[in-house]
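Everything below concerns the one structure shown next.
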2 protein chains.
Amino acid sequence: MTTSNGNRLAPVSLRQVSIDAGFWGERQAVNRDVTIPAIYQKLEETGRIASWAMAGPANPPPSHERIGVRVFWDSDSGKWLESAAYSLATHPDAELEATADALIDAIEGAQFDDGYLNTYFPVHFPEGQWANLRDNHEMYNAGHLMEAAVAYHQATGKRKLLDVLARFSDHIAATFGTEEGKRRGYPGHPEIELALVKMYRETGEKRFLDLASYLVDERGQAPHYYDKESLDRGESPENYWAQTYRYCQAHLPLREHTEANGHSVRACYLYAGIADVALETGDEDLLRLSRVLWDDLTRHQMYVHGGVGPSHHNEGFTFAYDMPTETAYCETCAAIALAFWAHRMFHLDPDSRYIDVMERAIYNSSLSGLSHSGDHFFYANPLAAYPGINPQGRWHEDMDGGHHRRTPWFHCPCCPPNISRLIASIGEYAYSQAGDRIYVQMYQDNSVDLNIGGSEARLVQETQYPWDGSVRITTNMAQNTNFELALRIPDWCYDHQLSVNGEAQMAATERGYLILSREWTDGDKVELTLAMPVERVMPHPSIRQTAGQIALQRGPVLYCLEEVDNGPRLANVCISDAAALHAAFDADLFGGVSVITGEARRIEPAEESSALYRHHSRASYKASEFAFKAVPYYLWANRDRGEMRVWIRSS
Amino acid sequence: MTTSNGNRLAPVSLRQVSIDAGFWGERQAVNRDVTIPAIYQKLEETGRIASWAMAGPANPPPSHERIGVRVFWDSDSGKWLESAAYSLATHPDAELEATADALIDAIEGAQFDDGYLNTYFPVHFPEGQWANLRDNHEMYNAGHLMEAAVAYHQATGKRKLLDVLARFSDHIAATFGTEEGKRRGYPGHPEIELALVKMYRETGEKRFLDLASYLVDERGQAPHYYDKESLDRGESPENYWAQTYRYCQAHLPLREHTEANGHSVRACYLYAGIADVALETGDEDLLRLSRVLWDDLTRHQMYVHGGVGPSHHNEGFTFAYDMPTETAYCETCAAIALAFWAHRMFHLDPDSRYIDVMERAIYNSSLSGLSHSGDHFFYANPLAAYPGINPQGRWHEDMDGGHHRRTPWFHCPCCPPNISRLIASIGEYAYSQAGDRIYVQMYQDNSVDLNIGGSEARLVQETQYPWDGSVRITTNMAQNTNFELALRIPDWCYDHQLSVNGEAQMAATERGYLILSREWTDGDKVELTLAMPVERVMPHPSIRQTAGQIALQRGPVLYCLEEVDNGPRLANVCISDAAALHAAFDADLFGGVSVITGEARRIEPAEESSALYRHHSRASYKASEFAFKAVPYYLWANRDRGEMRVWIRSS
């Protein structure tokens, strides 16, 4: 996308953004000190690191031991490497780099002469190579390794992994495509599409973009490739375990899609890839498709915490306005993938509404995937919880399983390195630039080094965001420079004040941004105050599960009630429309967070009874007032086990 | 159970009760004219009738075509025969009897010399005979055929089927038991226990009771029989598909159970069988167990419509106070089995509280299993519905599947003949007798012929129950007779008036019954008026899913709102605590039913918006008053497709 002044709009690289304090400074420190090492330790303990040395042409014979979950393994190494790379880009660490280099050497050693790279199939199931694109994740693994390769090249300048993945990409392009003799395959789990566009941007080599375009265009075409490959395996396509190609967004050619469908992580990675291809090719039809899917998802299928995919059954989407709370799946990876897609949508169609969704997904349904300690993870992110109770019922006797308590690892551990790489790369989401326009997207305590038409400028941003709406940006530059500062006014903010060097400013608004255009001098101070009152969120009247309930939000942060603060039976708690709601900074809670307090009522029968059902003509309710305390949703389940609710009855 | 006067308490046989009009007269006519023929037609169409002629010693060789669902088939024939027998007992029908006789001949022909009887294993899987009691339903089928045999013998005096099943029972007793050389097996799906007690009562032969007692005592003992038979099949017990023997109430010896557990149909049939064994053996420990399980189920795990088993996953129980509405399973068979159990509990422990639950289950979660037309059936009976929406999500693209619309048949059609046999035998639930005490249990328009200490007496009951609480009972007898009339005061009734021959009576109450003891003369008129206002039902404060909501009940009948009467978005409908609620008889609706009307408010945002979430500071609600109409829950989904809700927000 180019802006009216002809300059390409792009994120400002995280390598230009220094984050050392504030909300994200703290989160990044925990990520470096705890999360990245903890995940690497799990990769080692589970054999994932060793699997690279056991694969490859130098290591016959194959064991033929077939283990389903191993088909995902390579992606876990990829995502960890990517997270390590982002961290190295801003916080060099020789030991971490040496660990990464050793892993990259092992990966290189596992590559076959024809470019094929995978730790599972050559060792365990050679005849399965490329035999089941629908289920087997070979391209998904390739995509994650490509993202790692690009990030590592950017962070360290080392191109070994980039070259490995370029060869693997060439192998894929030689195997799959529309040309005579190639198979018309595409991945059951999309992800490689966006990764190939990253490869293209990093290398400038158009063959990567062409492969991404092919994968987008071929998806869902008739005759259906997954039917064909099933028959080739001697399986009936009707016996597809997922029942429908909607599950993998392949039920129709992509350009005919009108709704977000199926497995929500697959969907959002795919949609991000489509936006990337549209960005690079200028394909207007893909832009139209992206907007249609975006509007469907954000108007019909997005939870208030930015989570997507209510159903455990397909790990994905169901239908418009279906928002179960306690049983919500809302995989951590899906929220992260939605943030990725949102970020791309902004660059395709520069409007703050995309960044609003990105921020909602990051601060709430993504961050909740990680414990405050940094070494426990959620896979699902429900909007209500009754621990000791599995939402699937006592039937599944494993009461926790990462649903009510975070856990150090998963059988399929896609979420832990995903939240780690998001945090390590959070600087990438702070600014975008198009020529002499600088977009300030996610407010955070940082500084950014910019090149604006050849001039160097540093902006120093000071803020307690998201706990406070005051942001101060100070310029630091050798010479006066003309540029536009586009300051995002979030969708939750109805009142703001802006000054430059203490002088109030009236700035024009353009698609959700205040545009401050002037010649800037070293030491100029921009002060923006975003009013951040506590808001009661009303759900759409077609959402049946939360009718008559409100959620509490302040700034981009969604809140919840936990039993540890508010006692049990949270379903009986009511917050009156008239109740005053207060935000207070609690310096002792999780190193300092804002909490929300106010008066609530617990409405319960006036007299205890063992009866399941009583008649209102013979029994009455009493309302007990109490001072409630709501904490940020993303921090739930970091203290005592207990109930949690986002949506609270209102009256 | 014997009462204080030493006379055994027992139901008055349905053969003594004539029902020709009123609520049940109409339901029985539809059952005879539509339901019984429709089910027989399905048994024929699906090959179930023909399967008897293809089984048996005269019909080798086996086909070895293994089809899982066929293991249940014999029970479908059994339940249809049982329903036909009840109908023949009160409404003779030569054609129906000839059809039943022919089926019984075929069943007899399928029996092997050693007594074994099953249409599946000998033909399709001979080596599977008795090899998997946990899963394979051979005893379950036997039990349903025994119930049919007893009913048919009672109805027609013909004992062919009774003799067939006695031989089958003897085969089972020769194969399973604690004696040397026998296997210590018992059925994965209980049902045969209660059937064996019926066999005992009908024949007086104690060996049937002994077999029932053995099956109750052996269940869940260690070493576990299902572990052993799994290993004998070469399967690891850990690979049990249902994960836990809780599923089939075999995780512990029965006397150690403290909660209703697992698959709810299995549970309630088993508990009914336990009560039957306790009744016949006087085993105090089984009486204690029955009370413990009853109290758990009715205080923690019973829906307001008398349904049990919230979870689709195990078709059964989950945990205390877990009452999801839209996703409630509440199988029709489970409500019927609960009614069976309740009826037995009364005879074990004569208290009206059991009959209250029986009536709740029959009028609501059982009857909802059948369409008004008599030929469509529900398997699940949820408390809220959003048609076009499958509660499992779009994932399962079959939107109906008997969940939102009744269907003519099921892959596993246990429910259709179950509701049919309940309706055909409803007279059995009207009266109980212990010597000269006559309990009037379910009020219904009928007449009953009694023998009281050698004297014949007929009671003629006239009532519009359940639409009206007025009941008139007129005696019809040749000579004056002393007896006690025990008139049940239902748990929903807080005010009643009683008169005999127009004279008001003050009668003593004993465990929920008014006791009228006198010398009765021909033509005496007892008039009982049960006040039947519309009641708002309050859920227990630990039921999180319906907090802040009420259900509407009048007499034993639970009501619901349907979209066809009240428009869509029923989650936004609120009924004020102050709103007057009116009951009115609507003669045009389903042949005449009482409906409930009143003022409700639909609370929705004042201004339409496509936004999923809005802030209350910027948007407001408006309340639109409208006249709502609630219809009996059991009649939902007999008109236009649309939303349905039992639990309505209150304010």
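Being of a type in the set (Ser, Thr, Tyr), open to solvent by less than 10 Å² (accessible area, probe 1.4 Å) and either closer than 21 Å to B:ARG299 by Cα or facing chain A (nearest Cβ under 8 Å) (or both) is the filter here, so list the residues in segment B:512-564 that pass it. Break it down stepwise before answering.
So in segment B:512-564, the residues of a type in the set (Ser, Thr, Tyr) come out as B:513, B:517, B:521, B:529, B:542, B:546, B:559.
Right, trim to open to solvent by less than 10 Å² (accessible area, probe 1.4 Å) and you get B:513, B:546, B:559.
Passing the criteria: only B:THR546.
Kindly provide the set of residues from segment B:604-628 that are open to solvent by 50 Å² or more (accessible area, probe 1.4 Å) and either assigned to a loop (DSSP other than H, G, I, E, B) or away from chain A (no Cβ under 12 Å) (or both), ordered by number.
Passing the criteria: B:GLU607, B:GLU608, B:SER610, B:SER617, B:ARG618, B:SER620, B:GLU625, B:ALA627.
Looking only at segment A:259-285, which residues are surrounded by fewer than 22 Cβ atoms within 10 Å (Cβ to Cβ) and either within 14 Å of chain B (Cβ to nearest Cβ) or in a helix (DSSP H, G or I) (or both)? Step through it out loud before you land on a result.
So the first thing to find is which residues in segment A:259-285 are surrounded by fewer than 22 Cβ atoms within 10 Å (Cβ to Cβ), and the list is A:259, A:280-285.
Within segment A:259-285, A:GLU259, A:GLU280, A:THR281, A:GLU284, A:ASP285 qualify.
Restricting the first residue to segment A:484-508 and requiring it to be among the aromatic types (Phe, Trp, Tyr), which pairs with a second residue that is assigned to a loop (DSSP other than H, G, I, E, B) meet a Cβ separation below 9 Å and a spacing of at least six or different chains?
The qualifying pairs are A:TRP492/A:MET532; A:TRP492/A:GLY555; A:TRP492/A:PRO556; A:TYR494/A:ALA531; A:TYR494/A:PRO533; A:TYR494/B:SER617; A:TYR494/B:ARG618.
Let's see how each residue does on (1) open to solvent by less than 20 Å² (accessible area, probe 1.4 Å); (2) over 30 Å from B:ASN572 (Cα atoms); (3) of a type in the set (Gly, Ala, Ser):
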| position | (1), (2), (3) |
| --- | --- |
| A:THR325 | no, no, no |
| A:ALA335 | yes, no, yes |
| A:PHE340 | yes, yes, no |
| A:HIS347 | yes, yes, no |
| A:ILE355 | yes, yes, no |
| A:SER373 | no, yes, yes |
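Please specify each residue of segment A:629-651 satisfying the condition of being within 12 Å of chain B (Cβ to nearest Cβ) and assigned to a loop (DSSP other than H, G, I, E, B).
Selection gives A:GLU643, A:VAL646, A:TRP647, A:SER651.
Restricting to segment B:213-253, and then to whatever is charged (D, E, K, R) and more than 15 Å from B:ASP135 (Cα to Cα), can you tell me which residue is nearest to the other protein chains (Cβ to nearest Cβ)? Break it down stepwise before answering.
Of the residues in segment B:213-253, the ones charged (D, E, K, R) are B:217-219, B:227-229, B:232-233, B:235, B:238, B:246.
Filter once more, keeping what is more than 15 Å from B:ASP135 (Cα to Cα): B:217-218.
Numbers: B:ASP217: 26, B:GLU218: 24 Å.
Only one residue tops the list, namely B:GLU218.
Quick one: which of B:VAL150, B:VAL123 is crowded, with 17+ Cβ neighbours inside 10 Å and more than 29 Å from B:ASP232 (Cα to Cα)?
Values: B:VAL123 fails: more than 29 Å from B:ASP232 (Cα to Cα).
On inspection, the qualifying residue turns out to be B:VAL150.
A:ASP398 - would you say it is outside any helix (DSSP H, G or I), modelled with pLDDT under 90 and either open to solvent by 20 Å² or more (accessible area, probe 1.4 Å) or not assigned by TED's automatic domain parsing to the domain that holds A:GLY307 (or both)? Quick ask: steps written out before the conclusion?
Working: outside any helix (DSSP H, G or I): yes; modelled with pLDDT under 90: yes; either open to solvent by 20 Å² or more (accessible area, probe 1.4 Å) or not assigned by TED's automatic domain parsing to the domain that holds A:GLY307 (or both): yes.
For A:ASP398, the condition - outside any helix (DSSP H, G or I), modelled with pLDDT under 90 and either open to solvent by 20 Å² or more (accessible area, probe 1.4 Å) or not assigned by TED's automatic domain parsing to the domain that holds A:GLY307 (or both) - is met.
Of all the helices (runs of 4 or more DSSP H) wholly in segment A:180-237, which have at least 3 residues that are open to solvent by 70 Å² or more (accessible area, probe 1.4 Å) and on the phi < 0 side of the Ramachandran plot?
Numbers: elements: A:192-203, A:206-218, A:225-232.
The helices (runs of 4 or more DSSP H) meeting that bar are A:206-218, A:225-232.
Could you count how many residues in segment B:344-390 are in contact (Cβ under 8 Å) with a residue 40 or more places away in the chain, β-branched (Val, Ile, Thr) and within 14 Å of chain A (Cβ to nearest Cβ)? Reasoning before the result, please.
Of the residues in segment B:344-390, the ones in contact (Cβ under 8 Å) with a residue 40 or more places away in the chain are B:344-375, B:377-388.
Narrowing the set further to residues that are β-branched (Val, Ile, Thr) leaves B:355, B:357, B:362.
Okay, now just the ones that are also within 14 Å of chain A (Cβ to nearest Cβ), so B:357.
Of the residues in segment B:344-390, 1 are in contact (Cβ under 8 Å) with a residue 40 or more places away in the chain, β-branched (Val, Ile, Thr) and within 14 Å of chain A (Cβ to nearest Cβ).
All but one of (1) exposed (fewer than 12 other Cβ atoms within 10 Å of the Cβ); (2) on the phi < 0 side of the Ramachandran plot hold for B:ALA579; which doesn't?
Looking at each condition in turn, B:ALA579 falls short on (1).
Only one of (1) more than 14 Å from every other protein chain (Cβ to nearest Cβ); (2) free of Cβ contacts under 8 Å to residues at least 60 places away in the same chain; (3) surrounded by 24 or more Cβ atoms within 10 Å (Cβ to Cβ) fails for A:GLU331. Which number is that?
(2)
Quick one: A:LEU270 ticks every box in (1) at pLDDT 95 or above; (2) over 15 Å from the mean Cα position of the chain (by Cα) bar one, so which box is it?
Failing condition for A:LEU270: (2).
Restricting attention to strands (runs of 3 or more DSSP E) lying wholly within segment A:410-463, give those where 2 or more residues are more than 23 Å from the chain's Cα centre (by Cα) and more than 30 Å from A:PHE378 (Cα to Cα). If you could, list the steps in order and put the result at the bottom.
Numbers: elements: A:431-434, A:437-440, A:446-452, A:455-463.
Result: A:437-440, A:446-452, A:455-463.
Taking segment A:286-323 on its own, how many of its residues are more than 9 Å from every other protein chain (Cβ to nearest Cβ), open to solvent by less than 20 Å² (accessible area, probe 1.4 Å) and of a type outside the set (A, V, I, L, M, F, W, C)?
The qualifying residues number 6.
The values are calculated or read from the model by the stated rules, or taken from the named source; none is laboratory data. Everything numeric in this text was worked out from a predicted model, so none of it was measured. No Cβ is skipped: glycine too gets one built from the backbone with ideal geometry, and neighbour counts run over all protein chains shown. Side chains are part of the model used for accessible areas, which takes the heavy atoms of the whole protein and leaves out ligands, DNA and RNA. Shrake-Rupley method; radii C 1.70, N 1.55, O 1.52, S 1.80 Å.
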